[in-house]
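Bear in mind that the values in this text are calculations on the coordinates, not laboratory data. Nothing here was measured: the structure is a model prediction, and the numbers come from that model. Positions of Cβ are backbone-derived with ideal geometry, glycine not excepted, and every protein chain shown enters the neighbour counts.
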Amino acid sequence: MTTLADAPVSNTPKESFRLAMLLNDTRYRSLTFQFIALVAIIAFMAFVGGNLVRNLAEAGLNISYAFLGEPAGYDINQRPIEYDSQSSHGRAAVVGLLNTLIVAFLACMTATVIGVVAGVLRLSNNWLVSKVMSFYVEIFRNVPVLIWILIIFSIMINALPGPRDFRGDNPTASMSFFDTVAFTNRGVFGPAPQFTNSFGATADVPATSTGLDWLIVIAALMLSFFVARAIRAWATKTQEATGVRPATWHMLLATWVIPVGIVLTFLGLTWEIPALRGFNFQGGMQIRGSLIALWFALAIYTGAFIAENVRAGIMAVSKGQTEAAGALGLRPNLIMSLVVLPQALRVIIPPLISQYLNITKNSSLAIAVGYMDVTGTLGGITLLQTGRAIETILLLMLFYLTISLLISAVMNVFNNSMKLKER
Amino acid sequence: MSDTELAFVRSEEIPPAPPPASEAGAVKWMRENLFAGWFNTLLTILAIYIIGRFVVFAFPWFWNGVWDAGSIKECRDILSAAGKTTGACFAVLVDRWDHLLFGFKYPAEGYWRPTLAFIMLIFAAAPALFAQYVPRKFLIFTGLYPFIAFWLVWGGSLWVPLCILAAILATAYIFRVVENLDVGARGVLAGIVGAAAGLGLAFLLFQGATELWFISNSVGAGGALGTLASLLFKAASIFMFVFFIPMGIFVGYAIYNDAEDGGLVTVVTALFAIYVMLAYLLSPVSGALNAIIPIELQAVPSRDMGGYMLCLILGTVCVSLSIPLGIVLALGRQSNMPLIKGVCVVFIEFVRGVPLITLLFVANVMLAYFMPPQSNFDLILRVIIMITMFSAAYIAEVIRGGLAALPKGQYEAADSLGLNYTQSIRLIILPQALKISIPGIVNVAVGLFKDTTLVSVISMFDIVGMIRGPIQQSTDWISIYWEVYLFAAMVFFVVCYSISQYSQWLERQLATDHK
């Protein structure tokens, strides 16, 4: 440091950089802190990384993802895509991933329905119904979801009849819904759609997969969707022009039913009814007990939380809104659908997003009931067979992280479109 | 006015007539609340039907319950002997009561210890939970409680927790002394401490740099990605080699430079003191004291913990640890230093994006790879670390909401009073932000407590693990499920429901705004 003894005295001290300013001057202090933090992070990495390298060397392991291409050698009982025990670990992980998405989707839909119904009913002025709903919400919210999953799973495998109870001259159990659905302890067997006129099939070679047929059905539904939207837009335009909204329900019904009906008739839709053959039901669609347990437990558990969100959302709409709508002459159901719900939705959607994320993350509890989701395949059997703990768990985390970020991104877009448009 | 003779003038009021029977009492209430309109009537009938079905199904089952039997077969025999078609086997709860509560390995003669610890927990929590009604001086007991509970549950020599407590008290005393030293003495102390800290830090960083070089050499073999990783580690290593001496000198200088103000000197001296005491003095001193006056309980290793006790241990420990960590993370996320903010954001979003099970897998199979070789971390400790990280991320988001809800004027007012960062956060910001965050924190705490059942997935025997393992797979109680799961559901419900009721009560107590 230089002392400026003979410099002209000025009112402001000369700005020279001193080391102490790194600590005492707020302009530089944050830089100092960040530099120290950076060094600390690198040091932490060095500690952790060094240990990892030593431990791996000691165990004779290395980090490699080559195992994903090796044959898995285990079976998965629910296969959305083709898979057998000779398929690779990577394919097993994809099967598990699809299973996770299936159960998460089913549970999200069901939980939303349950939650909205319970939330609205809890606000009902019917004393008994609102008490029953409060009871439901409090009971289910305050008990771990794992216990609900296990309870429902136990009921599925212990309380339902086995397939052999359906056999014989005096069966102790019988199929429900006009002999089409069998509730057994091996899962629920229901009718499965089949296409006799499948698109991929020729006269003598039956189709190997029905994927193309389903695509055509979906295309027909998309067509109906756009036509229905056009009809609704036309109705709104007519209403704005003349003040009378034309009745559109018959047109909408026709739009939704006719194209799909034509496509399905053309494809030759039949239902394959499950039948008892040998020791088990064959044919039809089997929904395993583990899927049902996971699906319903997640749905009713999360439904209780969604019910609270819905209730809070509806209560957040001020009473003046309801009264004003009533003063305009709207009927109660129109008040709910035109005035209260659109406003309540803005409050409901953000917590709903996090409930959907919770369902997706809680679906990893599948491992407790043996449902083969991605935690069961990649983080379960693959981990045990290959012993590659670090690789599998990192992949697992990456997968859940991606799903979480995707869901929240999609729902945020939806949320922004619903948000109050302010200036 | 007029003097017309009136035949009759009523001089007193007629007593009001009672309302019509349909407009009063129970009839009115029922009409308004149960049978208002056809739809409501339908709902009521439906609800009554469902409740009726439930009662008809569940009540005989509950009422016929057998409380005294040795096995599920015996229990069914008793039921069929009495001619009952349905009935619960509550005998499993009686038979396996200890297992459900304490796990199957905890020594039976020591059951009073966790029970006593649990009862004391209620008294220890009371001064913190009901601050208005319990005198402040009882907080001393709350402070002592972790040591008592640790000793009671884990056992071993009483001198170990006592010596840790003594070390903490001694550190606090040293902190006080250094804080009150006069400037000259503190300057000397700052010089010594600064030199020691600088030297120690430089040594640590040098080790880190060599470690990084070592890593960079062993990751290079795996293709392009490996080469890149190797280069990155080499760069980090060179960075550390360049900076280990300047960093040591700088930190030493910073401590010395701060002698006048004294904050750094006191903190570093205190840290240094507690490190020396815990690392070098704890085991010889407590061992020696125990040799002189042995006060010992039978030591119970962590892997013997189980049952509902394990859930309670994990719940209380992780919640109490994750609140301070959550506050730090939330403040870090609010920071205007990009690096610190970035680290906090990445940590919070990462942890919130993955399920707890994957973190428990990390604790179970992966964490050991990141620890020094031959270090033997308890599974329960690893699980506590991961659950604490998990809930801290959620609590951080709740507190961030509280911080964001404070008007900016509060921060500015704190600045204009001349408070520094620590003071303004401690005295102005946090008291208000935490008050707003209480409902959210309690929600996270309840969720966390419920999530402690997930440890059964990594083969720890909490209450769910006990039911699925030793109880359902025993020959006596094979595949019994309703009774045990309902019991587990009930014990969780009692705790979680009370906590959420408490939170609502507290919210009302703390509401200082006008409603």
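Under 37 °C and 0.692 mPa s, how fast does the range A:306-377 diffuse according to Stokes-Einstein, given a Kirkwood radius computed over C-alpha pairs? Answer in µm²/s, whole number.
Working: Rh = 14.5 Å.
In µm²/s, the coefficient is 227.
Could you work out how much longer the chain between B:R76 and B:L169 gets when fully extended? Use 0.36 nm per residue separation minus the Cα distance between them, nm to one decimal. Don't jump to the answer; show the numbers that get you there.
Working: separation 93, 0.36 × 93 = 33.48 nm, distance 5.97 nm.
Roughly 27.5 nm would be gained on extension.
Taken over the alpha carbons of the protein assembly as shown as equal point scatterers, the Debye sum produces base-10 log I(q)/I(0) values at 0.05, 0.07, 0.10 Å⁻¹ of -0.42, -0.79, -1.50. Normalising the Debye intensity of chain A to I(0), with uniform scatterers on Cα atoms only, and taking log10 at q = 0.09, 0.10 Å⁻¹ returns -0.87, -1.02. Using R0 = 60 Å, the C-beta based FRET efficiency linking B:L281 and A:D165 works out to 0.25. Computed 3J(HN,Hα) for the range B:193-199, one whole-Hz value per residue from the Karplus formula 6.51 cos²θ - 1.76 cosθ + 1.60 where θ = phi - 60°, is 4, x, 4, 5, 5, x, 4, glycine and proline marked x. Remark: the B:R176-B:A196 segment gains 5.1 nm on full extension, using 0.36 nm per residue and subtracting the alpha carbon distance. State the dimensionless ratio Rg/Rh of the range B:178-292 (Rg: radius of gyration of Cα atoms; Rh: Kirkwood radius). Result: Rg/Rh = 1.19.
Ordering A:H89, B:H99 from the fewest to the most neighbouring beta carbons within 10 Å gives B:H99, A:H89. Gyration tensor analysis over the Cα atoms of the range B:232-322 returns equivalent ellipsoid semi-axes of 40, 24, 17 Å (largest first, whole Å).
With only the Cα atoms considered, the range A:62-143 has a convex hull volume of 140 Å³ per residue. Return the whole-Å distance between the Cα centroid of the range B:210-246 and the Cα centroid of the range B:77-113. If we compute the Cα centre of each part, the gap is 59 Å. Each Lys and Arg Cβ is given +1 and each Asp and Glu Cβ -1; about its Cα centre, chain A then shows a dipole of about 1300 debye.
Near the amide H of A:N197, within less than 5 Å, lie the amide hydrogens of A:G268, all on another chain or at least 5 residues away, with H placed in the peptide plane.
For chain B, report the translational diffusion coefficient in µm²/s to the nearest whole number, using Stokes-Einstein at 37 °C, 0.692 mPa s, and a Kirkwood Rh over Cα pairs.
Numbers: Rh = 29.1 Å.
It comes out at roughly 113 µm²/s.
Counting every other Cβ atom within 10 Å of each residue's Cβ, B:M366, B:M337 order from fewest to most as B:M337, B:M366. What fraction of the Cα pairs in the range B:404-455, stated in percent, has a spacing above 18 angstrom? When all Cα pairs of the range B:404-455 are counted, 47 percent exceed 18 Å. Based on the Cβ-Cβ distance of B:F123 and A:L212, what FRET efficiency does E = 1/(1 + (r/R0)^6) give at R0 = 51 Å, to the nearest 0.05? That pair, B:F123 with A:L212, gives E of 0.15. Considering only B:Y133, B:G198, B:P146, the residue lying farthest towards the positive end of the dipole of the range B:104-247 is B:Y133, judged by Cα position with unit charges set on Cβ.
Please express the shape of the range B:269-311 as an equivalent ellipsoid: the semi-axes are the square roots of 5 times the eigenvalues of the C-alpha gyration tensor, given largest first in whole angstrom. Show your work: numbers first, answer last.
Details: eigenvalues 159, 70, 10 Å².
One finds semi-axes of 28, 19, 7 Å for the range B:269-311.
For the range B:174-225, what is the convex hull (Cα atoms) projected area averaged across all directions, in square nanometres? List each step's numbers first, then the result.
Numbers: hull surface 22.3 nm².
Averaged projected area of the range B:174-225's Cα convex hull equals 5.6 nm².
Against the empirical 2.2 N^0.38 Å (N residues), the range B:430-515 has a Cα radius of gyration ratio of 1.53.
Ordered by the count of other Cβ atoms within 10 Å of each Cβ, fewest first, B:I72, A:I149 give B:I72, A:I149. This model, with +1 at the C-beta of Lys and Arg and -1 at the C-beta of Asp and Glu, gives the range B:178-292 a dipole about its Cα centre of some 440 debye.
If I take R0 = 41 Å and measure r between the Cβ atoms of A:E58 and B:I140 in this structure, what FRET efficiency does the formula 1/(1 + (r/R0)^6) give, to the nearest 0.05?
The computed FRET efficiency comes out at 0.30.
Computed over the range A:274-423, the alpha-carbon pair-distance distribution with 10 angstrom bins reads 10, 24, 26, 20, 13, 6, 2, each value a whole percent.
So which GluC sites (Glu not before Pro) in the range B:1-60 pass both tests, a DSSP loop state and at most 11 other Cβ atoms within 10 Å of the Cβ? Write down the numbers at each step before the final one.
On the way: sites: B:E5, B:E12, B:E13, B:E23, B:E32; in loops: B:E5, B:E12, B:E13.
Those that pass, being in a loop and sparsely packed, are B:E5, B:E12, B:E13.
Based on Cα contacts under 8 Å between residues 6+ apart, chain A shows a relative contact order of 21 percent. Dividing the summed -39500 (n - 2.57) terms of all DSSP H runs of n ≥ 4 by the residue count of chain A sets its mean residue ellipticity at 222 nm at -20000 deg cm²/dmol.
Length gained on full extension, B:A21 to B:Y421: 137.1 nm, using 0.36 nm per residue less the C-alpha separation. Kirkwood hydrodynamic radius computed over the range B:63-186 comes to 19.2 Å, based on all pairs of distinct alpha carbons. Annotation: Cα Rg of the range A:76-201 relative to the compact-globule expectation 2.2 N^0.38 Å equals 1.46. Reducing the range A:243-267 and the range B:384-416 to their Cα centroids gives an inter-centroid distance of 53 Å. Applying a DSSP loop filter and a limit of 11 other Cβ atoms within 10 Å to the chymotrypsin sites (Phe, Trp or Tyr not before Pro) in the range A:207-279 leaves A:F279. The range A:65-135 and the range B:18-60 have their alpha-carbon centroids 37 Å apart.
Using the Stokes-Einstein relation with a Kirkwood hydrodynamic radius computed over Cα pairs, the translational diffusion coefficient of the range B:332-401 at 4 °C and a viscosity of 1.567 mPa s comes to 98 µm²/s. Projecting label points 7 angstrom from Cα along Cα→Cβ for A:F225 and A:L38 puts them 4.9 nm apart. From helices alone, chain B scores -23000 deg cm²/dmol at 222 nm; the rule is -39500 (n - 2.57) for each run of n ≥ 4 DSSP H residues, then divide by the residue total.
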